[in-house]
1. Please work out which residue is modelled with the highest pLDDT, limiting yourself to the stretch 307-329 and to residues that are buried (at least 17 other Cβ atoms within 10 Å of the Cβ) and among the small types (Gly, Ala, Ser).
2. For the condition part of a strand (DSSP E or B) and modelled with pLDDT of 90 or more, what is the one hit in Leu272, Leu288?
3. Counting only residues that are of a type in the set (Val, Ile, Thr) and in a strand (DSSP E or B), which one in the stretch 102-128 is modelled with the lowest pLDDT?
4. Tally time: how many residues in the stretch 177-203 are touching a Leu at 6+ places or on another chain (Cβ under 6 Å) and aliphatic (A, V, I, L, M)?
5. Go over the candidates Asn260, Asn255 one by one and state the one that is at pLDDT 95 or above, open to solvent by 30 Å² or more (accessible area, probe 1.4 Å), within 21 Å of the chain's Cα centre (by Cα) and not aliphatic (A, V, I, L, M).
6. Working carefully through the options Asn388, Asn332, find the one that is modelled with pLDDT of 95 or more, under 30 Å from Ser105 (Cβ atoms) and surrounded by 14 or more Cβ atoms within 10 Å (Cβ to Cβ).
7. Residues to consider are Ser361, Ser322; find the one that is of a type outside the set (Phe, Trp, Tyr), closer than 23 Å to Ser265 by Cα and more than 19 Å from the chain's Cα centre (by Cα).
8. Could you check the stretch 164-187 and list, in sequence order, the residues that are in a strand (DSSP E or B) and either of a type in the set (A, V, I, L, M) or farther than 30 Å from Asn130 by Cβ (or both)?
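The values are calculated or read from the model by the stated rules, or taken from the named source; none is laboratory data. All figures in this text were calculated on a predicted structure; none of them were measured in a lab. Every residue, glycine as well, gets a Cβ built from its backbone with ideal geometry; the counts of neighbours run over all protein chains shown. Side chains included, ligands, DNA and RNA excluded: accessible areas come from the protein's heavy atoms. Shrake-Rupley method; radii C 1.70, N 1.55, O 1.52, S 1.80 Å.
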Amino acid sequence: MKKMLSLAAMFAVLSYASPASAELKIGGDAAVRARGDFKNSETAQGVKTTNGDDVLFQYRVRLKASADLGSGYFFKALAQSEEAATQTAAQAADGKPATTAGGWSGVGANNSGAYNLEVSNFYLGRTLENCHYSIGRLPLNSYNNPIFDLALYPVPTTTGIYAVDIPVATWNFDRVFGLNYGTKVGGGELNTTLVVLDNNSTTANSAKTGDGLFNDGYLLHVTYKTTVGNVTLEPQAILALTDLQGPTYQKVSPNTFGLNASIPSGKSKIGLSGFYTIGKDDKAVTTLTTTSYLTGTPVVTSVATPASVDYSGYLLRVKGESGSAIAWVDYNQTCDKTGVTDVDYTNVFVWAQYNFKVHESATGTVNLTPTVRYRASGKDDSIGTARNNQLRTELYATVTF
């Protein structure tokens, strides 16, 4: 709490800087939500499990700051909680979500828990008439652009993170460190972003791959946004420049490409997305994680082993927006040939919500947003088909300022 108050106080002081200083604008939002979790699963052997209904009460605060430095130069930042953004093995085994994810926090045992604001993303840059550039922790807007979801989570993790249900916004806080440059080309805008995904290389070359100078995890994100008639098209690609450290496989160089399309229809809008990813590497690494409960406390052991990684997959999205209503359907399928036998992963995901404006003024808004999120996942291998389904009903109360 002290950390949060200190950060807020710093923003407040800076916003009242002298006229000779850049004007710092402060805004943000605060939200609370009630979530109901309903889950059921079935193993390949036909063993069914239904987890008890679970209601969670969570909260989130985000502070946004921006400064116009003149001559097109600018600075922007977002502060939110990034505490405990991982799901423990015990939580996964019990079907529980992470204590904190996506900037949300919950109530701990005996009313414990802390909510510390940290600088989540920040970037500085310049906007000119025909181009712009920026560097820092850049926001991705992955909520509306699932290319990073498929690129980073083509194969589900051992803790149950899938390519659907906005995993990059939830588990990676919707930002990357990188250098962006955009310019007008033809009738559209070309954007290129050099992303530093990890700093896992060693100081000298060795017999292993993916280490040595300039062999951290680099990728290039290229997009081109243009309009054809009243349709907006945005083809894009994520290209691995070096070996990357993924959540399931390490030292791999996957590539992902596809496009987003937006089609207006009166006061409504239809969105279409399609992306394909492929990853092949004979000198990759997979981390095998086991959990022992013999001592009463979960003991997690991770062992990195060589692997010949070979997977490919795609993600399709149909999205509709009309007034205060928004809904989309995702279909994702990935075939993983890394192991002895092929494994096919299939995900169907539905997101639907409606935003009720309780209050709106020049200084802020108050909204109530009921939301439904449903995921049906399947895993097909030589043994059979395993299923894992999750339904979430949520009610958000949000103030913006």
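1. Looking at the filtered set, the residue picked out is Gly313.
2. Just a single option satisfies the conditions, and that option is Leu272.
3. Within the stretch 102-128, the first condition is being of a type in the set (Val, Ile, Thr), and the residues that meet it are 107, 119, 127.
Then drop every residue that is not in a strand (DSSP E or B), which leaves 119, 127.
Working: Val119: 93, Thr127: 97.
Restricting to residues being of a type in the set (Val, Ile, Thr) and in a strand (DSSP E or B), the top hit is Val119.
4. Result for the stretch 177-203: 4.
5. Numbers: Asn260 fails: open to solvent by 30 Å² or more (accessible area, probe 1.4 Å).
Sole residue among the options that is at pLDDT 95 or above, open to solvent by 30 Å² or more (accessible area, probe 1.4 Å), within 21 Å of the chain's Cα centre (by Cα) and not aliphatic (A, V, I, L, M): Asn255.
6. Testing whether each residue is modelled with pLDDT of 95 or more, under 30 Å from Ser105 (Cβ atoms) and surrounded by 14 or more Cβ atoms within 10 Å (Cβ to Cβ) leaves just Asn332.
7. On the way: Ser361 fails: closer than 23 Å to Ser265 by Cα.
Just one listed residue meets the conditions, Ser322.
8. Result: Val176, Leu179, Val185.
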